[in-house]
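Structure first, then comments.
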Amino acid sequence: MWVRSSMTYRTSFVVTVFGNLLVTGLDFVAILLMFSQVDSLGGWSMPEVALLYGLSATAFGIADLVLGSMDVLGARIRDGSFDTLLVRPAPVLAQIGADRFALRRLGRITQGAVVLGYALVSVDVDWSAQKVLLVPVMLVSGAVIFCSLFVAGAAFQILVQDASEVQNAFTYGGNTLLQYPPSVFGKDLVRGVTFMLPLAFVNWVPAAYVLGRPYPIGLPEWAAFASPLVAAVCCASAGLAWRSGLRSYRSTGS
């Protein structure tokens, strides 16, 4: 229904997608402005940072397209309309993901994919079969990790009846964090997003292996291939959090 609604006015849809592409591209413009003044950022060259950016932005764009509507859950809980989702013969999570589905978010994916394409062509890497296969693995695993964050954030909204901005701090904020090399951050922060909230496995850890760079906190080489396992654990944990959130839901009382 929401896709048909978006496509009713084709010109408006195209303009909206293009506008979304331009707005999300401002993040990369900021990186370009930095490199107009410096030759490297934390020891990483422009193509290498572009690779981090492209991987993170594309993976997040996919997750945002699929589950980006989770931030409306708090409003549904407050006005009581969440109850209508519970009585429909369809999974509640699927209904929330489809709620106000915004096809215009394809602009974010397109913009990230363009930067990723530039980075793959420009970066100085001795490509092997393992490194080539690791690129799509990073994109899929990264999208699953971000989706897990959206679901866990939605479960938190059920408990506190709002706090969509808390969710955004970890989803949109995490995407912005991963667009920069880990070497520009303190080691405590790097450890936190590696072992506690494993966002580093979206791109930092596997990209360090692809680029032949040491990871700041010294992980074994096999950790570069652990992204699918990390994504599976995140998905399972988010599923448990979601079911727990649904069980704790008490409606508005009206």
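Some observations on this one:
- Scanning region 31-48 for residues that are assigned to a helix (DSSP H, G or I) and either exposed (fewer than 10 other Cβ atoms within 10 Å of the Cβ) or aromatic (Phe, Trp, Tyr) (or both) yields Leu33, Phe35.
- In this structure, Ser141 does not satisfy being farther than 22 Å from Leu211 by Cα, of a type in the set (S, T, N, Q) and within 16 Å of the chain's Cα centre (by Cα).
- All conditions but one from (1) under 18 Å from Asn175 (Cα atoms); (2) aliphatic (A, V, I, L, M); (3) free of Cβ contacts under 8 Å to residues at least 40 places away in the same chain apply to Ala154; the one that does not is (3).
- Residue within region 203-219 that is under 30 Å from Arg78 (Cα atoms) and hydroxyl-bearing (Ser, Thr, Tyr) present: no
- Unique match (being aliphatic (A, V, I, L, M), touching a Leu at 6+ places or on another chain (Cβ under 9 Å) and in contact (Cβ under 8 Å) with a residue 60 or more places away in the chain) among Leu103, Leu134, Leu159: Leu103
- Within region 8-30, if we keep just the residues that are among the hydroxyl-bearing types (Ser, Thr, Tyr) and assigned to a helix (DSSP H, G or I), the residue that is nearest to Tyr118 (Cα to Cα) turns out to be Thr24.
- Counting only residues that are within 17 Å of the chain's Cα centre (by Cα) and either surrounded by 19 or more Cβ atoms within 10 Å (Cβ to Cβ) or polar (S, T, N, Q) (or both), region 196-254 holds 16 of them.
- Checking each residue of region 215-224 against the condition of being of a type outside the set (D, E, K, R), modelled with pLDDT under 85 and part of a helix (DSSP H, G or I) gives no match.
- Among the residues of region 196-219, the one identified as free of Cβ contacts under 8 Å to residues at least 40 places away in the same chain and of a type in the set (Ser, Thr, Tyr) is Tyr215.
- Options Ala232, Ala241, Ala200: the member that is within 24 Å of Ala119 (Cβ to Cβ) and aliphatic (A, V, I, L, M): Ala200
- In region 58-91, residue modelled with the lowest pLDDT [restricted to those that are over 26 Å from Asn175 (Cα atoms) and buried (at least 19 other Cβ atoms within 10 Å of the Cβ)]: Ile77
- Tally of residues being farther than 24 Å from Ser69 by Cα, surrounded by 15 or more Cβ atoms within 10 Å (Cβ to Cβ) and not polar (S, T, N, Q) across region 155-184: 3
- Of all the residues in region 185-195, those that are crowded, with 16+ Cβ neighbours inside 10 Å and either more than 17 Å from the chain's Cα centre (by Cα) or free of Cβ contacts under 8 Å to residues at least 24 places away in the same chain (or both) number 3.
Residue-wise test of (1) within 13 Å of Arg105 (Cα to Cα); (2) touching a Pro at 6+ places or on another chain (Cβ under 8 Å).
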| position | (1), (2) |
| --- | --- |
| Met34 | no, no |
| Ser45 | no, no |
| Val49 | no, yes |
| Ala63 | yes, no |
| Arg78 | no, no |
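- The single condition from (1) surrounded by 18 or more Cβ atoms within 10 Å (Cβ to Cβ); (2) within 30 Å of Arg243 (Cα to Cα) that Asp99 fails is (1).
- Among the candidates Leu120, Leu106, Leu67, the residue that is under 15 Å from Ala155 (Cβ atoms) and within 21 Å of the chain's Cα centre (by Cα) is uniquely Leu67.
- Filter pass, Asp83 being charged (D, E, K, R), under 23 Å from Val151 (Cα atoms) and in contact with a Lys or Arg (Cβ under 8 Å, 6 or more places away or on another chain): no
The values are calculated or read from the model by the stated rules, or taken from the named source; none is laboratory data. Keep in mind that this is a model prediction, so the values were computed, not measured. Note that each Cβ is placed from the backbone with ideal geometry, even for glycine, and that neighbours are counted across all protein chains shown.
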